[in-house]
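Every read-out reported here was derived from the displayed coordinates using simple, explicitly stated rules and does not represent laboratory data. Note that this is a predicted model, so its numbers are computed, not measured. Backbone-built Cβ (ideal geometry, glycine too); neighbour counts: all protein chains shown.
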Amino acid sequence: MDIDVSEHKSSAEDVLSDLQILGMLQERLDLLVHNTHYVWQELPQWADQLHPIWLEQREASQQLKELLQRLEMRRQAERPEQLEQLVHIDELGDLVQLGRIAVRVWRSREALEVLWRLEQLAKRWHLKIPHTPGPDYETDFAAWAQHQALMVELGQWEELDQEHLREELEALSRSEHSELESRLEVLITHLLKWQFDTASQNPRRLWRATIREQRHRLTRLLQRSPSLRPTLPAVLHQNYPHARLIALDETGLPDSTLPEPCPWTIQQVLDDNFLPEVMP
């Protein structure tokens, strides 16, 4: 999500709006504190994992609430036209750190935009904000992944867990290749059964449904990752022998019944209208 800050805030009403957004962040964080505590009480076996998370959330929520109360009192007294004029330099580091924690709970565009502006203000003031540890990769993958996405949205490249992020991206690429191999292998196996296992009549409708489903899934996969298309002939060649063995195991046909080289082109295998002629 791109953050557009081309229109600068320039009125007391906009400062109030910024504080209200920060206040909603604090309220969402406070709600999470209560929910975490409830789960902890209901599932005591998770206490060791949830207790430190709850402590961090509770402390951040309380600190953010107190800081926002000071800012609101100052806003009423000074009526500044920009949030940046309202925040003192000795408060900015805490506000950014607390905002980073709270925005994990409520990742709205408005909250991200306010936090981004505060980050930019800290850079202009050459303020070094201590690193705020994000969720741990080993103990909470979902929270870790969400935090990495947030850091990308905010342009906080130095905050990224580069080692684990690289591993996950590489694993994602491998998973696309693995899905291609797996679905193509299932498709080939059922095309072989369709053409050569003429004695088994009852499951043929199921075989046809499986053929249709795997072709649909492969089409979706190739739309999502078109760079896989050039690999299709090689993948077909590499996986056909194993698909043939599976078909032999599942049908009990003699080994000589099924052809050793793949009898179809990759275009035929993927063609929704193609079904091999059933052997007599």
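When shorter helices are ignored and each DSSP H run of at least 4 residues is given -39500 (n - 2.57), the per-residue value for the chain at 222 nm works out to -23500 deg cm²/dmol. So what's the angle, to the nearest 10 degrees on a 0 to 90 scale, between helix 204-224 and the longest Cα principal axis of the chain? For helix 204-224, the angle is close to 40 degrees. Angle check, please: helix 89-102 long axis (alpha carbons) against the longest principal axis of the chain (alpha carbons), in degrees 0 to 90, nearest 10. Approximately 30 degrees, to the nearest 10. The trypsin sites (Lys or Arg not before Pro) of segment 83-176 that meet both conditions, a loop assignment by DSSP and at most 10 other Cβ atoms within 10 Å of the site Cβ, are K128. Of the residues V269, G99, S225, the one whose Cα sits farthest toward the positive end of the charge dipole of the chain, with +1 on the Cβ of Lys and Arg and -1 on the Cβ of Asp and Glu, is V269. Using only side-chain charges placed at the Cβ, +1 for Lys and Arg and -1 for Asp and Glu, the dipole size of the chain relative to its Cα centre rounds to 920 debye. Loop-located trypsin sites (Lys or Arg not before Pro) in segment 8-91 (DSSP state other than H, G, I, E, B) with a sparse environment of at most 16 neighbouring Cβ atoms within 10 Å are absent. Taking one quarter of the surface of the C-alpha convex hull of the chain gives a mean projected area of 21.9 nm². For helix 232-251, report the angle its Cα long axis makes with the longest principal axis of the Cα atoms of the chain; keep it between 0 and 90° and round to the nearest 10°. Around 60 degrees separate the two axes.
Restricted to Cα atoms, segment 173-280 shows a radius of gyration and a Dmax of 13.5, 43 angstrom.
When GluC sites (Glu not before Pro) are flagged only if DSSP places them in a loop and at most 13 other Cβ atoms lie within 10 Å, the longest unflagged stretch of the chain comes out as 139-276.
Taking the convex hull of the alpha carbon atoms in segment 12-160, what volume per residue do you get, in Å³? Could you put the intermediate results ahead of the total?
Working: hull volume 15.6 nm³, N = 149.
That works out to 105 Å³ per residue.
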